[in-house]
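Values quoted throughout were computed directly from the atomic coordinates according to the rules given, and no laboratory measurement underlies them. If you're wondering where the values come from, they're calculated on a predicted model, not measured in any experiment. Here the Cβ positions follow ideal geometry from the backbone for every residue, glycine too, while neighbour counts run over all protein chains shown.
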Amino acid sequence: MFDFKDVIPQMPFILEGLKVTLSIVVVSLLLGFILGILLTLCKISVFKPLIWLADFYTSIFRGTPLVLQLLIIYFGLPQLLGFQIDQYWAAVAAFSLNSAAYVSEIIRAGINAIDKGQKEAAVALGIPYAKMMKDLLLPQAFKNISPALVNETITLTKESAIVTVIGLGDVMRRAYQAGAVTYNYLEPLIFAGLIYYVIVLVLTFVGKSVERKLKSND
């Protein structure tokens with residue numbers, strides 16, 4: 001039987017980890033999005049070395065576990081750098097670099113889905129490449145890929161729980177610590193799961209609202 005009476009006093013402690021979880025997700029998404037756009041520009045360029053470099057980057061971060069990337073950054077890099085990396089920034093670095101690989105593929109697919117005639121017309125009119133990307137291609141691509149970007153946000157939110165392996169006090173870590181106090185782990189972990197579930201529901205609702213708004217503007 002479930003017994004949440006011992007968990008109730010621990011709930012504020014677990015909820016404090018929500019600030020860490022959301023901070024990591026928001027900062028990582030922002031940095032990953034910026035890096036993802038840069039990678040996309042490399043992938044659709046005509047300069048072969050940039051294409052190869054961007055594809056190699058993507059293959060590395062999509063082909064290895066995120067937890068491994070986090071462990072390498074937090075435990076492995078200090079051997080090369082000579083100093084310990086802060087837990088928070090190690091997590092942000094791992095999630096940003098990983099998310100950028102997926103975001104770049106999402107944006108690239110969105111750009112490739114646009115009618116090539118629009119790009120050819122822009123080139124024929126002498127529109128600069130940067131202006132064409134900013135004002136023509138990227139805005140249209142984002143309309144097409146908004147559901148995929150929301151899914152990436154949801155995935156990153158759930159995967160952020162792995163920061164517990166480096167001892168960062170997020171929701172999952174605090175739920176585990178709360179369980180260690182009472183020697184009952186199930187109820188605190190269920191409460192943590194409920195927190196993540198609510199976050200995902202909110203993100204799903206926001207994503208659908210944005211998608212409907214974009215469609216209504218067509």
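Brief remarks follow.
- Length released on extending from K143 to K131, taking residue separation times 0.36 nm less the Cα-Cα span: 2.5 nm
- Taking every lysine pair in the chain that is 8 or more places apart or spans two chains, those with Cα atoms closer than 15 Å amount to 7.
- Summing charges over neighbours of G17, with a neighbour being any other residue whose Cβ is under 14 Å away from its Cβ, gives +1 when K and R count +1 and D and E count -1.
- Folded to 0 to 90 degrees: helix 171-182 orientation relative to the chain principal axis, Cα: 10
- Summing +1 for each Lys or Arg and -1 for each Asp or Glu among the other residues whose beta-carbon sits under 14 angstrom from that of G169 gives 0.
- Under Stokes-Einstein, with the Kirkwood radius over Cα pairs as Rh, the value for the range 101-218 at 20 °C and 1.002 mPa s is 124 µm²/s.
- Computed over the chain, Kirkwood Rh from alpha-carbon pairs, angstrom: 19.5
- Other residues whose C-beta falls under 13 angstrom from the C-beta of L136 contribute a net charge of +2, scoring Lys and Arg +1 and Asp and Glu -1.
- Residue-averaged 222 nm ellipticity for the chain, from DSSP H runs of 4+ at -39500 (n - 2.57), nearest 500: -25000 deg cm²/dmol
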